[in-house]
């Protein structure tokens with residue numbers, strides 16, 4: 001891939017050299033990593049799904065498969081990317097999420113409609129805390145990493161791995177829901193095209209930016 005003029009050329013050279021298509025792991029079909037990857041394959045990279053073998057599995061299995069080298073690549077999130085690069089010196093990033101689909105809604109904070117109706121003040125406070133947390137992780141990533149490590153990684157991952165994952169070039173944190181609306185529309189329409197979205201969802205019913213907009217006035 002590093003020597004190829006394009007991702008498509010790299011994939012086809014791999015197939016010619018090895019006699020098989022590359023096996024690429026991701027989360028199950030319909031998940032964000034899988035959808036973004038398929039969008040990149042079909043809409044950006046100039047490939048078809050027949051050019052590769054996409055293997056859907058759980059996040060832990062993706063990490064295991066990459067470390068065991070039972071797959072050739074993966075479309076996956078942090079901190080798994082940092083863990084793999086830490087343990088496999090030859091692992092390289094082919095495309096960041098922003099290259100695959102800019103401002104994609106990777107992992108989001110969401111609440112149900114009935115919760116907004118019944119607990120509007122609590123939702124407003126939750127959004128305020130989310131904005132504060134996002135500012136902390138962007139402005140003081142090492143300090144934020146300590147909180148993340150205590151909540152999610154203690155006993156499982158070294159703090160240094162969490163710090164590197166937070167600082168990673170593929171990490172992009174925003175609290176503004178307005179930023180992800182265009183890419184959500186792209187993913188919505190693409191999911192409908194490939195059959196993973198069975199029923200269209202009007203985006204004006206999916207997004208309520210009033211809490212954020214009021215907070216940052």
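Read-outs throughout are calculated quantities, based only on the coordinates presented, and are distinct from any laboratory measurement. Bear in mind that the values here come from a model prediction, so they are computed numbers and not experimental data.
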Q: Report the full-extension gain for the segment residue 203 to residue 133: residue separation times 0.36 nm, less the Cα-Cα distance, to one decimal in nm.
A: 22.7 nm
Q | Debye equation applied to the C-alpha atoms of the range 113-215, log10 I(q)/I(0) at 0.17, 0.19 Å⁻¹ | A | -0.98, -1.04
Q) Which three lengths, in whole Å and largest first, does the chain cover when its Cα atoms are put on their principal axes? A) 60, 42, 28
Q: Averaging sequence separations of C-alpha pairs under 8 Å and six or more residues apart, then dividing by the length of the range 113-215, give the relative contact order as a whole percent.
A: 26
Q) In whole angstrom, and with the biggest value first, how far do the Cα coordinates of the range 119-170 range along each principal axis? A) 38, 24, 18
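Rounded to the nearest whole Å³, what is the per residue volume of the convex hull around the Cα atoms of the range 7-100?
Enclosed volume per residue, from the Cα hull, is 93 Å³.
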Q. Normalised by the number of residues in the chain, what is the relative contact order in percent for Cα pairs under 8 Å and 6+ residues apart?
A. 19
Q. Using Cα atoms only, what is the angle between the long axis of helix 7-18 and the major principal axis of the chain, expressed in degrees (0 to 90) to the nearest 10?
A. 40
Q.
At 222 nm, what value in deg cm²/dmol follows for the chain if DSSP H runs of at least 4 each add -39500 (n - 2.57) and the sum is divided by all its residues, to the nearest 500?
A. -15000 deg cm²/dmol
Q: May I ask for the angle, rounded to the nearest 10°, between helix 177-194 and the longest principal axis of the chain, with both axes built from Cα atoms and the value confined to 0 to 90°?
A: 50
